[in-house]
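Accompanying notes for the structure given below.
The values are calculated or read from the model by the stated rules, or taken from the named source; none is laboratory data. Computed from a predicted structure; not experimentally measured. Cβ placement follows ideal geometry from the backbone for every residue including glycine, while neighbour counts extend to all protein chains displayed.
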Amino acid sequence: KEAQEIADKVTKELGGSGIWGVEFFIGKEGVYFSELSPRPHDTGMVTLAGTQDFTEFELHARAILGIPVLDIPLIRNGASAVVLADKENNAFPTFTGLNEAAAFPNTAFSIFGKPTTRPYRRMAVALAHGTENTTELVEKAKEVATKIKVD
């Protein structure tokens, strides 16, 4: 709730239209701000797993074009996990383990196409969806993400 209140306050003060990716860390002492992106963000890509009627990209376009956004019911549970680079590389990266990652049912992944890597840079996202609870889906998405290696 605290993160939602902070995100609402910050985005209203900045103004504009569209989706804001507002990222926080949750610690023992409370909520800590991490990042703000005035655009669709990889943290919202769980919408690509068919969890609702509109993806974050469709919602962003509707907002900036002034097209109404109707109710957005949850269709199915979903979760995501990022694939991080572990080293710096100025050449275009290659990915391995894609066949293994693609073998999991009710999952998908998206590679972002970034031209270089550095430690902890987000390079892809793994998605999981289904009737399982969110905790189980997070673990499934993480398992898919571990199969994808950035070289």
Of all residues in region 20-33, how many are touching a strand residue (DSSP E or B) at 6+ places or on another chain (Cβ under 9 Å) and of a type outside the set (Phe, Trp, Tyr)?
-> 5
Residue, farthest from the chain's Cα centre (by Cα), within region 128-147, restricted to residues that are surrounded by fewer than 16 Cβ atoms within 10 Å (Cβ to Cβ) and within 14 Å of Asn77 (Cβ to Cβ) = Thr131
Only one residue in Phe92, Phe104 is at pLDDT 95 or above, outside any strand (DSSP E or B) and in contact with a Pro (Cβ under 7 Å, 6 or more places away or on another chain), so which one is that?
-> Phe92
Of the conditions (1) surrounded by 10 or more Cβ atoms within 10 Å (Cβ to Cβ); (2) not in a strand (DSSP E or B), the single one that Tyr32 does not satisfy is (2)
The condition of being surrounded by 14 or more Cβ atoms within 10 Å (Cβ to Cβ), over 22 Å from Thr51 (Cβ atoms) and either aliphatic (A, V, I, L, M) or in contact with a Leu (Cβ under 9 Å, 6 or more places away or on another chain) (or both) holds, among Val125, Val83, Val150, only for Val150
Any hit, region 93-107, residues being crowded, with 18+ Cβ neighbours inside 10 Å, within 25 Å of Phe24 (Cβ to Cβ), of a type outside the set (Ser, Thr, Tyr) and under 18 Å from the mean Cα position of the chain (by Cα) | no
